[in-house]
1. Restricting to the range 71-129, count the residues that are open to solvent by less than 40 Å² (accessible area, probe 1.4 Å), more than 16 Å from the ligand (Cβ to nearest atom) and not in a helix (DSSP H, G or I).
2. Looking only at the range 215-269, which residues are in a helix (DSSP H, G or I), open to solvent by less than 30 Å² (accessible area, probe 1.4 Å), within 18 Å of Gly104 (Cα to Cα) and touching a helix residue (DSSP H, G or I) at 6+ places or on another chain (Cβ under 9 Å)?
3. Would you please list the contacts, defined by Cβ atoms under 7 Å and residues six or more apart or on different chains, that run from a residue in the range 166-192 that is of a type in the set (Lys, Arg) to a residue that is open to solvent by 50 Å² or more (accessible area, probe 1.4 Å)?
4. List every residue pair whose Cβ atoms sit under 6 Å apart, with the two residues 6 or more apart in sequence or on different chains, where the first one lies in the range 102-117 and is without any contact (Cβ under 8 Å) to a residue 40 or more places away in the chain and closer than 23 Å to Ala141 by Cβ and the second, anywhere, is within 14 Å of the ligand (Cβ to nearest atom) and of a type in the set (Val, Ile, Thr).
5. For Cys132, are the conditions met, namely being in a strand (DSSP E or B) and either more than 16 Å from the ligand (Cβ to nearest atom) or in contact (Cβ under 8 Å) with a residue 12 or more places away in the chain (or both)?
6. Go through the range 182-211 and report how many residues are closer than 21 Å to Phe225 by Cα, open to solvent by 40 Å² or more (accessible area, probe 1.4 Å) and either within 15 Å of the ligand (Cβ to nearest atom) or at pLDDT below 95 (or both).
7. Those residues that are away from the ligand (no atom under 12 Å from the Cβ), open to solvent by less than 10 Å² (accessible area, probe 1.4 Å) and not aliphatic (A, V, I, L, M), I need them from the range 143-181; list them, please.
Amino acid sequence: MWTNVDTINTKQLIILDDQYSLSPSYSCSHPTKTSTIVTTQLQLLHIKMSATESSSIFTLSHNSNLQDILAANSKWASQMNNVQPTLFPDHNAKGQSPHTLFIGCSDSRYNENCLGVLPGEVFTWKNVANICHSEDLTLKATLEFAIICLKVNKVIICGHTDCGGIKTCLTNQREALPNANCSHLYKYLDDIDTMYHEESQNLVHLKTQREKSHYLSHCNVKRQFNRIIENPTVQTAVQNGEVQVYGLLYNVEDGLLQTVSTYSKAIPK
Ligand SMILES: [Zn+2]
């Protein structure tokens, strides 16, 4: 059942699924429903919190203080209760049963909400440039917790266009990081820099920095995807038919996802 609500913004119709928007059996290749839900979540999250910030489309700013943050949270929770009264008391208060693990970049322009989901649907891990080293303890623990304990049946590794980590390497600015008190970031971005140099022969055919950045974002999804599907926890779950893995690229220019890679149990012919 779909519910029409117009209490938040009278100029825009808000369409909200009456229950969680993705079920465990939901296919991510459902553009019509997903795009509608994305609209809903964006509208929910862009509630104006302060008259003093009315010139900005954003909720908070560098000038916001703790009082502003708590007021924003209170209003968000109230709005969530208005449009989905059962979410907190009947679902989130009783535990979580997420259907999806979402791994993405820490970039502020996207997160699991690009799927139009509600709190309780997606288990999330984000880091700079969505790097997934095979021996990263956080990666291995996150995969075990999500797949074995929470029993998600989808793992999404989602990169994005215009990634700062990638552009830092692409524009050869990484070398300057140690002198800017960012020695850890310099070391951290070694994986992206290695990828950049490995792809140098392909990059020469691309004319603009934007095209090269986009290409490397695509490559980075593949790179991290290939590591994730080699993880023993993922391997076992996929072979048992319990999990599918999707490599996706989020475009910050239009909010849409592009499929880069998929991995699931081969169906016998
Ligand atoms: Zn990024």
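1. Total meeting the criteria: 11.
2. Correct list: Leu216, Ser217, Cys219, Asn220, Val221, Gln224, Ile228, Val234.
3. Going by the 7 Å Cβ cut-off, the qualifying pairs are Arg174/Tyr186.
4. Ser106/Val128
5. So Cys132 does not fit the description; no.
6. The number of residues fulfilling the criteria is 1.
7. Within the range 143-181, just Lys154 meets the criteria.
The values are calculated or read from the model by the stated rules, or taken from the named source; none is laboratory data. Note that the structure is predicted; figures quoted are calculated from it, not measured. Positions of Cβ are backbone-derived with ideal geometry, glycine not excepted, and every protein chain shown enters the neighbour counts. For the accessible areas, the whole protein counts, side chains as well, though only heavy atoms, and no ligand, DNA or RNA atoms are used. Shrake-Rupley method; radii C 1.70, N 1.55, O 1.52, S 1.80 Å.
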